[in-house]
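Everything below concerns the one structure shown next.
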Amino acid sequence: MIEFWVVLTGLLVGITCGIAGVFLILRKMSMIADAISHTVLFGIVMAFIITQTLNGFWMLVGAAIAGILTAYLVQLLHSSGIQEDAAIGVVFTSLFAAGVLLITLFAGNVHLDVEHVLMGEIAFVPWDRWTLFAVTMPKAVWMLLLVLLINIAFLLLFFKEMKLATFDPVYAASIGIPVVFLHYGFMTSISFTTVAAFDSVGAILVVAMLIGPSATAYLFSKTIKQMFIFSMLFGAAASIVGYYLAKYWDTSIAGMMAATVGLLFVVTLCSQKIIEHRRKTLVSKLENM
Amino acid sequence: MNALTVENLSVAYDKKTVLDNANVTVPIGRLSAIIGPNGAGKSTFLKAILNQLPNKVGKVEILGEIFEPKNLVVGYVPQRNAVDWDFPTNALDIVLMGRYGHTGLFKRPSKQDKLLAQQALASVGMQDFAERSIGQLSGGQQQRVFLARALAQNADVYFLDEPFAGVDAATEKTIIDILKNLKAQGKSIFVVHHDLQTVKEYFDYTILLNKTILASGATEEVFTPQQLQKTYGGRLFMMQGM
Amino acid sequence: MLSGNLLWVLVGTMLLGIAAGITGTFSFLQKQSLVGDAAAHAALPGIALAFLLTGQKELPILMIGAAITSALSVYCIQWIVSFSKMKADAAIGLVLTVFFGIGVVFLTIVNRSPIGNQSGLNNFIFGKAATMTKSDLLWLFLSATIIILVSLLLYKEWKLLIFDAVYAKGIGLPIEALKATLTVLIVMTIVTGIQAVGVILMSALLIIPAASAKLWTNKLSSMLILSAAIGGISGITGTFISAIRTGLSTGPIIVLVASTIFFVSYFISPAGQINKFRRKMQFRKQGDVR
């Protein structure tokens, strides 16, 4: 049963991040997600300092605010003439450093250590449970289900607007699509995803799950729908394979999941290259005949 | 009523004033060329009209009203290289985007929308490429898809940013035929244009732009060596002998 | 309070800040700042692997491991961008997290092994300048000095490379070799700094001083001097604060000092927000008058 919850959590992380990652890749915002995954720490610590509890709800709120703040600050610095990569670098390292410092100053005695936030401990997931509507499930599973629902709802409501605003924002604005609202709405859903997943796989490895599966799907997908399907499949596969590899070598589950994500990408890219190469040699052979 | 009225329009990017006190009025039903040297602020002029720039002062009216995106009267065709053509979708889907404004929030495009998109695609001669990935289209084909999207929107005023840049001769012919056809329907079209050789042949109205509007009016009146000298300065060697 | 060791540590982090300020400026101008971030995270698997393979925690050995995986990550990013339709940001993010994930995998194995328990490898995540020994510092001095000297030697060539690569190629400069040297120096800076600042925040030392200097000047020579100065000041101030309040990691404080300098510059520098706001108001007024 314990193993079941751990695998289920991993699966949910893979699927939720797989869905959220598609537009992240298409909007070329991978590094902003990376920045957010670092700065949620700041939000969580602030939530703790203000409320003095480790209540999941307030942490979700704090992290979401920190995520939006990150997206906003990056946008602000970028629009005032600082090149985007540097803007991202300045914002996330500053907020992350502030988060780490605040933990050492104010939250040293509580169960809120930095390494846990960074690397997560999916193996502990089954022990922390919530009961809701007479159903008892691990807290992480509840949170992930909630965020998965939010992400799906956002996509169902705004799919075509997101598609247009991503492909051609200037045209989108010229026909009245709320481009700015969509940008921050999407950033909020990324922050939610990061918070829900950070407890189990850790903030930094969330990014592997956000970027990796959808990047792999992006290599060969012809439509966005296809990209969504493969992204979810890759996310789920990486989490399951990663889990059993980690169990086999008795090492970090989250780390192994990220490594599997990388492996999936490399295998896909290489096989794509090989197929292309074969096709080319075949064509040139036919031409020579 | 005029298609476009611009009064005292100025735009600044940080320290530099890119557009300084531009004034122009263009009547309805003209096919206008916007002409000027590189860096004269042509794209900026279009974006300022579409209200896409924060640091802008002055008044812009389209068909006698302040521009309001939701009215869908303006069909904008950006520069082809302004978007990422690796985006995973096909040609028909891009054209269908022209219907999104009519479809409205939360709703999916209807059968009618899809039909209109297919017609628009056919009118630019691309009906056989509907299912083709946009990344596999040639430059000219991509430009046709962009025009088809604006056609599917069924606007009254069209703004095209360099639609002839890097396209083949057949595409250029198709595009200009469509634009002339739109004009015949009473629509107003504005085209940022580079090739001075074709201005007289394509356009009946000309706007000369370099940091500000230097001249505007019927092509035969405005498109003169003196005016062009004023717009391009000494750089106008290719015009000699015209 | 200024014990002998602290003085040396202060000099060490100052040199590190200067070195990072210089190489950071070049990578900033090449828009490669986030590649540096990925390379810094990618040092982690190298450190853990070097320890696992040799069983030693001598700094030079760990540094070689870190340098190898760090350089490999930069190479991977370039390979992905040139051989697939992936954009640079996704390639950087993917490589960064995958390498860091592999690092965590190895680090967990190290921490579970009996010898690894006291290896102190975890300090590489956030950095702990105070725990540096004399011989650690010797390595830091040596490596920072090499970085600074090589950067000054290649100043003219890199300047050309950044501002006019086509021309540089035209006059016969070995473009690829120059780019590679820059990458090597950035990796070296990262490897030098991770013990003091940690892998996660090392990129801040490369990015923030350069970004702050850019707000004050557009001239490369003054930008380098300013960036080096900001890096040095951040290093020395941060280390000093963390030394008088024991228990604080050095990395975050150095970064916060640097980012304070950045945000102050962001508002008051000639290209800063206050001036910009004034110009904007002026522009609005002119528009109204006409």
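The values are calculated or read from the model by the stated rules, or taken from the named source; none is laboratory data. In this text the structure is predicted, and so the values were computed from the model without any measurement. Note that we place each Cβ from the backbone using ideal geometry, even for glycine, and neighbour counts take in every protein chain shown.
Structure above, values below:
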quantity: Criterion (within 12 Å of chain A (Cβ to nearest Cβ) and under 22 Å from C:T133 (Cβ atoms)) met by exactly one of C:A48, C:A43; calculated: C:A48
quantity: Test: A:G202 is at the interface with another protein chain (Cβ under 9 Å from one of its Cβ atoms) and within 12 Å of the chain's Cα centre (by Cα); calculated: yes
quantity: Residue check, C:T54 over 30 Å from C:F240 (Cβ atoms), touching a helix residue (DSSP H, G or I) at 6+ places or on another chain (Cβ under 6 Å), modelled with pLDDT under 90 and not aliphatic (A, V, I, L, M); calculated: yes
quantity: Qualifying position, being among the basic types (K, R) and either within 14 Å of chain C (Cβ to nearest Cβ) or part of a strand (DSSP E or B) (or both), among B:K59, B:K70, B:K47; calculated: B:K59
quantity: Any hit, segment C:90-101, residues being of a type in the set (S, T, N, Q) and either modelled with pLDDT under 90 or not in a helix (DSSP H, G or I) (or both); calculated: no
quantity: Per-region count, segment C:120-150, residues more than 22 Å from A:T93 (Cα to Cα) and surrounded by fewer than 22 Cβ atoms within 10 Å (Cβ to Cβ); calculated: 17
quantity: Qualifying residue in segment C:140-152 (condition: out of contact with any helix residue (DSSP H, G or I) (no Cβ under 6 Å at 6 or more places or on another chain), of a type in the set (G, A, S) and either in contact (Cβ under 8 Å) with a residue 40 or more places away in the chain or part of a helix (DSSP H, G or I) (or both)); calculated: no
quantity: Residue that is away from chain C (no Cβ under 12 Å) and within 19 Å of the chain's Cα centre (by Cα), where the choices are A:I224, A:I275, A:I253, A:I211; calculated: A:I224
quantity: Entirely in segment C:161-266, the helices (runs of 4 or more DSSP H) that have 1 or more residues that are within 14 Å of another protein chain (Cβ to nearest Cβ) and more than 27 Å from C:A48 (Cβ to Cβ); calculated: C:202-216, C:220-244
quantity: Enumerated helices (runs of 4 or more DSSP H) restricted to segment A:179-289, each holding at least 2 residues that are touching a residue at least 12 places away in the same chain (Cβ under 8 Å) and over 28 Å from B:P88 (Cα atoms); calculated: A:179-201, A:224-249, A:253-288
quantity: Filter result (among the hydroxyl-bearing types (S, T, Y) and either assigned to a helix (DSSP H, G or I) or more than 7 Å from chain A (Cβ to nearest Cβ) (or both)) within segment B:77-104; calculated: B:Y100, B:T103
quantity: From B:L137, B:L182, residue being modelled with pLDDT of 90 or more and within 15 Å of the chain's Cα centre (by Cα); calculated: B:L182
quantity: All positions within segment B:27-45 that are farther than 14 Å from B:A12 by Cα and of a type in the set (A, V, I, L, M); calculated: B:I28, B:L31, B:A33, B:I34, B:I35
quantity: Condition check for B:K107: surrounded by fewer than 15 Cβ atoms within 10 Å (Cβ to Cβ) and assigned to a loop (DSSP other than H, G, I, E, B); calculated: yes
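Condition check ((1) on the phi < 0 side of the Ramachandran plot; (2) touching a Phe, Trp or Tyr at 6+ places or on another chain (Cβ under 6 Å); (3) polar (S, T, N, Q); (4) crowded, with 17+ Cβ neighbours inside 10 Å) across all residues:
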{"residue": "B:N90", "(1), (2), (3), (4)": "yes, no, yes, yes"}
{"residue": "B:Q118", "(1), (2), (3), (4)": "yes, no, yes, yes"}
{"residue": "B:S123", "(1), (2), (3), (4)": "yes, no, yes, yes"}
{"residue": "B:D128", "(1), (2), (3), (4)": "yes, no, no, no"}
{"residue": "B:V157", "(1), (2), (3), (4)": "yes, no, no, yes"}
